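Participant: Here's a structure for you.
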Amino acid sequence: MLQTIKMPVVSECAIAECAYNSNKSCHAIAITIGDGNRPMCDTFFKSSRHGELNSIAGVGACKVFICRHNNNLECSMESIRVGSEQDHGKCMTFVAA
Ligand code: SF4
Ligand code: SF4
């Protein structure tokens, strides 16, 4: 039987250059983490145009199956933090399994 899934929350994001960032929060409805096995934010979109914060993003999917918190290609945490690596968003909650 299918269940309603509660998404992990993106508690903060340090990537001010991303179009989805507003005051260190992400306002995409849901983001995808994972550039192959690297825990990068796949929804990152560099732009000088920024939307407004209407809601806090959730982690809709995570492709990083080598993370300890990954369960069936979904994140099992209550929340994650996104930081910066080489000017790209990276899941700082990632722990190698
Ligand atoms: S880098 Fe990812 S988590 Fe951060 S604001 Fe952009 S889409 Fe959201
Ligand atoms: S904590 Fe792990 S499973 Fe969750 S989003 Fe980050 S890399 Fe993916």
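The numbers here are math on the coordinates, done by the rules we state, and not lab data. All of these numbers come straight from a predicted model, not from anything done at the bench. Methodologically, a virtual Cβ is constructed for each residue, glycine included, from the backbone with ideal geometry; neighbour enumeration extends over all protein chains shown.
Participant: Under unit Cβ charges (Lys, Arg +1; Asp, Glu -1), what dipole magnitude, rounded to 20 debye, does the chain have relative to its Cα centre?
Facilitator: 100
Participant: Per q in 0.19, 0.22 1/Å, what log10 I(q)/I(0) does a Debye calculation on the alpha-carbon atoms of the chain return?
Facilitator: The computed values of log10 I(q)/I(0) come out as -0.81, -1.06.
Participant: I'd like the FRET efficiency for E78 and K46, computed as 1/(1 + (r/R0)^6) with the beta carbon distance as r and R0 of 35 Å, rounded to 0.05.
Facilitator: The calculated FRET efficiency here is 0.80.
Participant: Please give me the summed charge of the neighbours of C41: other residues whose Cβ is under 15 Å from its Cβ, Lys and Arg +1, Asp and Glu -1.
Facilitator: 0
Participant: Sorting I33, I15, I80, I56 on the 10 Å Cβ count, fewest up front, what's the list?
Facilitator: The fewest-first ordering by Cβ neighbours comes to I56, I15, I80, I33.
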